[in-house]
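Structure first, then comments.
The values are calculated or read from the model by the stated rules, or taken from the named source; none is laboratory data. It should be emphasised that the depicted structure is a prediction, and the values quoted were computed from it without experimental measurement. No Cβ is skipped: glycine too gets one built from the backbone with ideal geometry, and neighbour counts run over all protein chains shown.
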Amino acid sequence: MGCAPSKNIDLTGEVSLYHFDLHRVVGKGAFGKVRVVQHKRSKNLYALKYMDKQQCLKQKAVPNIIQERRLLEEVDHPFLVNLRYAFQDDDNCFFVLDLMLGGDLRYHLNTRGNFPESVVRFWTAELASGLVYLHSNGIMHRDIKPENILLDAKGHAALTDLNIAMHYSQHRMHTSVAGSMAYMAPEVVDDKRPGYSWQVDWWSLGVCVYELLWNRRPFDGKSAEKMRESIMTHPIRKPSQRHGAVSSECTAALFGLLERDPKKRLGCRTGFSSIDEIQSQNWFSQINWEKLQAKQLDPPFVPNQDSANFDFSHQLDEFMLAEKPLTAHKRKANPEKMKPEMRQLETDFTVYDFERSGRRSYYPLNEPLVAEHSHDGRLRPTFTSSSHTNTNTYVQSSTATSQTRSSTSHSERPRYSSQHDPR
Ligand SMILES: Nc1ncnc2c1ncn2[C@@H]1O[C@H](COP(=O)(O)OP(=O)(O)O)[C@@H](O)[C@H]1O
Ligand SMILES: [Mg+2]
């Protein structure tokens, strides 16, 4: 599959879809697909995530797409799926990301079932490292779940999908219900509590650990209300031995993450996101953290290299001609005639090229855009359905409560910076 003949294309000019050869589809997102692409000049392979602008507009997700674009530019870490290019045309917004050929963990849970403790421990350690980095940059993910954890071809894990991530405030708690219900922390679903902050990500990681160990989730309910009750009050039980025995060290770490009080939760006890707390758990005592963080440890689970690690049905829509194939087009649209949201995309979804642009932080510029922005107070499903029992992401807008919290102020962070060091 190709894109356009390269002979009239200036591959040294501003990045666009013309710079890539398009290959197979490897994933489906809320507003479009993800496919393998090859940069025509460098020959490097990447993942291209594209989002249909009209869909984004319809689902009132324009601020999220801009937010995702900005946050992606701010981060670069071995255990995150990093941004390499961003651009748009008349129909789509595009992210060109590190290619993760090992598939997402939902795919592996569906096709293989649960994983041995040693594999889950390795992924948890890598993801914890990525999470601490995100938090040290003032960003909470809010949507950690197996769909958003990807493996590279060797089996290293990385977090992806910053679509509903945001800069958390050190001065107030957040109250908008965002995420995927089964992975939401008690402080997110409890409307009587003062709100939530970055600690929610450690809880969601705990739900993922549970699911990876036993291929079932710790909380369930046939209605949203029952699910909320389960998350907030039901005793958390390990499945019986026949579903897979795990060590007491593993159970201790898991129950540390699934601690309902965010102040006592593993990773959160010192008041900031802490890799030391994770490292001091017996479950991780055998891990050489220096090597792990340098990606020098051999992953215990290597994805199948002979067959694709993704759901082939994503590709079928194009084969069946149910969907317009993706091709590069010259831009024709006139920004002056666009709806305001479209014009906002035009100006704020700026081009990014990792070889030319230094990374920078948009904080606090991006905060009003997504931080509890209120369109109309409705739930915004980012997938076609948003039932509590599935694992779809949704965002509900509401106002944040002001809360004074003691820790370093964001205003101390540089407005523009090329690199943030992890704490
Ligand atoms: N960099 C990547 N490499 C390989 N597959 C990817 C990559 N990014 C996303 N995918 C696949 O596409 C799916 C959707 O991407 P995601 O970024 O989560 O979109 P959405 O915000 O719409 O959920 C993922 O669950 C994964 O299967
Ligand atoms: Mg996703």
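Only one of these conditions is not met by residue 158: (1) part of a strand (DSSP E or B); (2) not assigned by TED's automatic domain parsing to the domain that holds residue 219. Which number is it?
(2)
Within region 37-46, can one find any residue that is outside the structural domain of residue 247 (by TED's automatic domain parsing) and under 28 Å from residue 167 (Cα atoms)? Let's see the steps before the verdict.
Start the filter on region 37-46 by keeping residues that are outside the structural domain of residue 247 (by TED's automatic domain parsing), which leaves 37-46.
Next, only the ones that are under 28 Å from residue 167 (Cα atoms) stay: 46.
Yes, there is a match, as at least one residue in region 37-46 is outside the structural domain of residue 247 (by TED's automatic domain parsing) and under 28 Å from residue 167 (Cα atoms).
Scanning for something at pLDDT below 95, small (Gly, Ala, Ser) and in the same structural domain as residue 240 (by TED's automatic domain parsing), does region 116-131 turn up at least one residue? Give the steps one after another, and end with the answer.
Here is the first cut: in region 116-131, the ones at pLDDT below 95 are none.
Taking every residue of region 116-131 in turn, none turns out to be at pLDDT below 95, small (Gly, Ala, Ser) and in the same structural domain as residue 240 (by TED's automatic domain parsing).
Consider residue 58 against the criteria (1) in contact with a helix residue (DSSP H, G or I) (Cβ under 9 Å, 6 or more places away or on another chain); (2) away from ligand 1 (no atom under 14 Å from the Cβ): it satisfies all of them except one. Which criterion is unmet?
(1)
May I ask you to say which residue of 134, 162 is within 16 Å of ligand 2 (Cβ to nearest atom) and out of contact with any helix residue (DSSP H, G or I) (no Cβ under 6 Å at 6 or more places or on another chain)? Before you say what the answer is, go through the steps one by one.
Working: 162 fails: out of contact with any helix residue (DSSP H, G or I) (no Cβ under 6 Å at 6 or more places or on another chain).
134 is the lone residue from the list that is within 16 Å of ligand 2 (Cβ to nearest atom) and out of contact with any helix residue (DSSP H, G or I) (no Cβ under 6 Å at 6 or more places or on another chain).
Would you check which residues across region 190-204 are assigned to a loop (DSSP other than H, G, I, E, B) and under 18 Å from the mean Cα position of the chain (by Cα) and list them?
Residues of region 190-204 assigned to a loop (DSSP other than H, G, I, E, B): 190-195, 197-198.
197, 198, listed by residue number.
I need a count of the residues in region 97-112 that are in a loop (DSSP other than H, G, I, E, B) and surrounded by fewer than 20 Cβ atoms within 10 Å (Cβ to Cβ). Break it down into steps so the answer makes sense when it comes.
In the first step, residues of region 97-112 are kept if they are in a loop (DSSP other than H, G, I, E, B); the result is 98-102.
Next, from what is left, pick out any that are surrounded by fewer than 20 Cβ atoms within 10 Å (Cβ to Cβ): 98, 101.
Within region 97-112, residues that are in a loop (DSSP other than H, G, I, E, B) and surrounded by fewer than 20 Cβ atoms within 10 Å (Cβ to Cβ) number 2.
Looking only at strands (runs of 3 or more DSSP E) that fall completely inside region 1-73, which ones have 1 or more residues that are away from ligand 2 (no atom under 16 Å from the Cβ) and without any contact (Cβ under 8 Å) to a residue 24 or more places away in the chain?
Details: elements: 20-28, 33-39, 45-52.
Ranges flagged: 20-28, 33-39.
If the requirement is being more than 25 Å from residue 293 (Cβ to Cβ) and within 11 Å of ligand 1 (Cβ to nearest atom), which of these qualifies: 84, 35, 70? Before you say what the answer is, go through the steps one by one.
Details: 84 fails: more than 25 Å from residue 293 (Cβ to Cβ); 70 fails: within 11 Å of ligand 1 (Cβ to nearest atom).
Step by step, each of 84, 35, 70 is checked, and only 35 is more than 25 Å from residue 293 (Cβ to Cβ) and within 11 Å of ligand 1 (Cβ to nearest atom).
When residues of region 227-254 are filtered for being assigned to a helix (DSSP H, G or I), touching a residue at least 24 places away in the same chain (Cβ under 8 Å) and of a type outside the set (Lys, Arg), how many remain? Write out each step before concluding.
Going residue by residue through region 227-254, those that are assigned to a helix (DSSP H, G or I) are 227-233, 241-243, 248-254.
Now drop any that are not touching a residue at least 24 places away in the same chain (Cβ under 8 Å), which leaves 227-228, 231-232, 243, 249-250, 252-254.
Imposing the further condition that a residue be of a type outside the set (Lys, Arg) reduces the set to 227, 231-232, 243, 249-250, 252-254.
Adding up the residues that qualify gives 9.
Output yes when any residue across region 172-189 is surrounded by fewer than 22 Cβ atoms within 10 Å (Cβ to Cβ), away from ligand 1 (no atom under 16 Å from the Cβ) and part of a loop (DSSP other than H, G, I, E, B), and no when none is.
Within region 172-189, one or more residues are surrounded by fewer than 22 Cβ atoms within 10 Å (Cβ to Cβ), away from ligand 1 (no atom under 16 Å from the Cβ) and part of a loop (DSSP other than H, G, I, E, B).
So which of 94, 115, 79 ends up being under 17 Å from residue 351 (Cβ atoms), buried (at least 21 other Cβ atoms within 10 Å of the Cβ) and more than 10 Å from ligand 1 (Cβ to nearest atom)?
Numbers: 115 fails: under 17 Å from residue 351 (Cβ atoms); 79 fails: under 17 Å from residue 351 (Cβ atoms).
Of the residues listed, the single one that is under 17 Å from residue 351 (Cβ atoms), buried (at least 21 other Cβ atoms within 10 Å of the Cβ) and more than 10 Å from ligand 1 (Cβ to nearest atom) is 94.
Considering each residue of region 137-159, count those that are away from ligand 2 (no atom under 16 Å from the Cβ) and free of Cβ contacts under 8 Å to residues at least 60 places away in the same chain, and give that number.
Final tally of qualifying residues: 1.
Considering only region 151-173, I want to know if a residue exists there that is in contact with a Cys (Cβ under 8 Å, 6 or more places away or on another chain) and among the hydroxyl-bearing types (Ser, Thr, Tyr).
Taking region 151-173 first, the residues in contact with a Cys (Cβ under 8 Å, 6 or more places away or on another chain) are none.
No, region 151-173 contains no residue that is in contact with a Cys (Cβ under 8 Å, 6 or more places away or on another chain) and among the hydroxyl-bearing types (Ser, Thr, Tyr).
So which of 99, 134 ends up being modelled with pLDDT of 95 or more and within 29 Å of residue 43 (Cβ to Cβ)?
On the way: 134 fails: within 29 Å of residue 43 (Cβ to Cβ).
None of the other options fit; the residue is 99.
So residue 268 clears everything in (1) under 28 Å from residue 103 (Cα atoms); (2) part of a loop (DSSP other than H, G, I, E, B); (3) away from ligand 1 (no atom under 16 Å from the Cβ); (4) not polar (S, T, N, Q) except one condition, right? Which one?
Just one mismatch for residue 268, condition (1).
Identify all residues within region 83-96 that are in contact (Cβ under 8 Å) with a residue 60 or more places away in the chain and either assigned to a strand (DSSP E or B) or within 16 Å of ligand 2 (Cβ to nearest atom) (or both); write none if there are none. So that I can check it myself, show each step before the final result.
Within region 83-96, the subset in contact (Cβ under 8 Å) with a residue 60 or more places away in the chain is 83-94, 96.
Of everything in region 83-96, those that are in contact (Cβ under 8 Å) with a residue 60 or more places away in the chain and either assigned to a strand (DSSP E or B) or within 16 Å of ligand 2 (Cβ to nearest atom) (or both) turn out to be 83, 84, 85, 86, 87, 88, 92, 93, 94, 96.
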